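J.: Before we start, here is the structure in question, set down as structure tokens.
Just so it is clear, none of the values below were taken in a lab; they were calculated from the coordinates. Note that the coordinates shown come from a computational prediction; the quantities given were computed from them, not determined experimentally. For neighbour counting, all protein chains shown are included, and Cβ atoms are generated from backbone atoms with ideal geometry for every residue, glycine included.
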Amino acid sequence: MNTYNFDKIINRKGTGAVKVDALKTVFGDANLIPLWVADMDFETPQFITDALKERLNHSLYGYTLEPENYWPTVIDWIKDHHGWEVQPKWITYIPGIVKGIGMVINAFLKEDEKAIIQPPVYHPFRLTTLANKREVVYNPLHLNDDGSYSMDFENLEQVIDDKCKLLILSNPHNPAGIVWDRESLIRLAEICHRNRIIVISDEIHCDMALWDNTHIPFATVSNEAADCSITFGSPSKTFNIAGIVSSYAIVPNKSIRDHFFDWLAANELNEPHLFAPIATIAAFKQGEEWRKAMLAYVQDNIDFVIDYCAKYLPQIKPLRPQASFLVWLDCRELHLSQPQLVDLFVGKAHLALNDGEIFGVEGVGYMRLNVGCPRATLQQALDQLHDAISE
């Protein structure tokens with residue numbers, strides 16, 4: 001069994017990493033501890049780097065075919081980890097999940113038609129829809145007494161009209177880290193199928209379920225779900241290769257699939273670049289041991305944050321995520337306005353976190369913390385936050 005060093009500090013400055021090199025532009029301070037952009041500060045696994053190096057040693061980078069084992073490898077991974085038997089004709093490459101959302105909007109929605117989102121939720125769902133000049137309809141999650149969330153189906157039925165043609169689902173949910181239960185997904189599918197609404201299920205965090213939680217692919221919960229869904233996935237979050245765009249779409253319904261895949265093919269958007277299949281095959285063929293070790297480290301980081309806040313920062317209530325390395329911090333007991341809260345983290349504690357309000361008005365009073373980093377970094381960040389609050 002290999003030993004992986006997730007405590008290693010990696011200097012990312014000067015590499016073009018958004019998480020580090022955009023700090024000055026986004027936050028006005030290049031010297032913050034970066035705990036915002038959703039990639040991890042762990043080294044990309046060596047087996048992926050080795051696979052890329054092997055290809056780079058053949059110094060001719062012309063047009064390339066998809067490797068024969070590309071899609072069989074992805075399909076086997078999905079079956080082994082999620083019990084979903086994806087047919088080869090259902091799957092295609094897409095050049096990024098946010099880009100894929102924009103493509104679905106342009107392929108399926110007329111200019112007067114609408115997309116539904118469930119805030120607080122990953123902000124590109126809203127921004128991409130609005131930038132493509134389609135209306136966003138809001139179906140906010142219900143905030144439960146214990147700080148967790150559930151879907152509000154009564155509100156969903158109320159906000160749907162005949163112009164609503166798309167719902168963008170975060171599964172697992174970002175920023176709250178929810179692994180949606182089967183009953184919720186079945187009910188969502190029934191409502192959307194009945195109203196002829198396509199569901200994009202963004203499942204990029206699907207391989208990062210924590211502790212005893214199990215991810216359920218939306219398309220598997222019912223015939224209705226399979227019939228109305230477009231599922232997006234990628235190895236990028238799990239194996240820390242977001243810069244190697246390696247996303248895919250899975251569409252069981254033939255009518256939806258033909259329309260979308262033909263649209264992609266017409267614009268040559270279904271053709272992976274040279275390195276995407278190489279990194280994907282390496283990740284899914286060799287990555288299980290590393291994935292489990294990484295998740296165990298992330299779980300310990302989450303426990304560390306929860307314990308630290310309970311002991312030293314009781315005004316901040318972290319919501320324990322069921323998936324991923326993102327922790328949703330409930331800071332409402334600090335009784336600060338959102339600008340004051342952001343200034344506390346950025347201006348006083350010198351930390352770069354995501355402002356909860358970007359995920360919707362439901363995120364006011366919250367911040368999103370990325371714990372995909374060495375424990376020492378997390379310790380320093382929380383100590384700085386403690387000092388800032390004490391002052």
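J.: Within a 10 angstrom radius of the beta carbon, how do 237, 348, 311 rank from fewest other beta carbons to most?
T.: Least crowded to most crowded, the residues run 311, 348, 237.
J.: For a test of the definition: using alpha carbon positions, the gyration tensor, and the 1.5 limit on a/c, classify region 322-391 as rounded, prolate or oblate.
T.: oblate
J.: Now, a different point. Would you list, by chain and number, the aspartates and glutamates whose Cα falls below 13 Å from the Cα of residue 237, excluding same-chain residues fewer than 8 positions away?
T.: Those aspartates and glutamates meeting the cut-off are 39, 41, 43, 202, 203, 207.
J.: Taking a 19 Å limit on the Cα-Cα distance, which of the listed pairs 13/53; 254/285; 99/133 fall beyond it?
T.: Those over the limit are 13/53; 254/285.
J.: In what order do 185, 336 fall by count of nearby beta-carbon atoms within 10 Å, going from fewest to most?
T.: Sorted ascending by nearby Cβ count, the order is 336, 185.
J.: Taking 51 Å as R0, compute the FRET efficiency from the Cβ-Cβ separation of residue 212 and residue 390 and round it to 0.05.
T.: Calculated value: 0.90.
J.: Here's something else I'd like to know. Taking square-rooted eigenvalues a ≥ b ≥ c of the alpha carbon gyration tensor, is region 174-256 rounded, prolate or oblate, where a/c under 1.5 means rounded and, failing that, a/b exceeding b/c means prolate?
T.: It is oblate, given that a/c is not under 1.5 and a/b is not larger than b/c.
J.: Helix check for the chain. Which DSSP H runs span at least 30 Å along their own axis by Cα, with a mean Kyte-Doolittle hydropathy no less than 0.5?
T.: The answer is none, since no helix passes both cut-offs.
J.: I would also like to ask the following. When the chain is modelled as a GNM with alpha-carbon springs shorter than 10 Å, which of 335, 82, 350 fluctuates the most?
T.: Taking springs between Cα atoms under 10 Å, the residue moving most is 335.
J.: Could you put 138, 63, 308, 248 in order, starting from the residue whose Cβ has the fewest other Cβ atoms within 10 Å?
T.: Going from sparsest to densest Cβ surroundings: 63, 138, 308, 248.
J.: Rg and Dmax of the chain, Cα atoms, in Å?
T.: Here Rg and the maximum Cα pair distance are 20.8, 61 Å.
J.: Normalised radius of gyration for region 62-286, please: alpha carbon Rg relative to 2.2 N^0.38 Å, two decimal places.
T.: 0.97
J.: How big is region 1-138 by the Kirkwood estimate over distinct Cα pairs, in Å?
T.: For region 1-138, inverting the mean 1/r across all distinct Cα pairs yields 19.6 Å.
J.: Something else about it: Leaving out same-chain residues fewer than 8 places away, which aspartates and glutamates sit with a Cα under 19 Å from that of residue 163?
T.: Here the aspartates and glutamates satisfying the reach criterion relative to residue 163 are 111, 112, 113, 135, 154, 190.
J.: Determine, from the Cβ-Cβ distance of residue 3 and residue 285 and an R0 of 22 Å, the FRET efficiency 1/(1 + (r/R0)^6), rounded to the nearest 0.05.
T.: 0.60
J.: Could you work out the pair-distance distribution P(r) of region 177-314 from its alpha-carbon pairs, with 10 angstrom bin width and percents rounded to whole numbers?
T.: All Cα pairs considered, the percentages come to 11, 31, 32, 20, 6, 1.
J.: Follow-up question, since we're still on this one. Between region 249-304 and region 141-202, what is the C-alpha centre distance in whole Å?
T.: 23 Å
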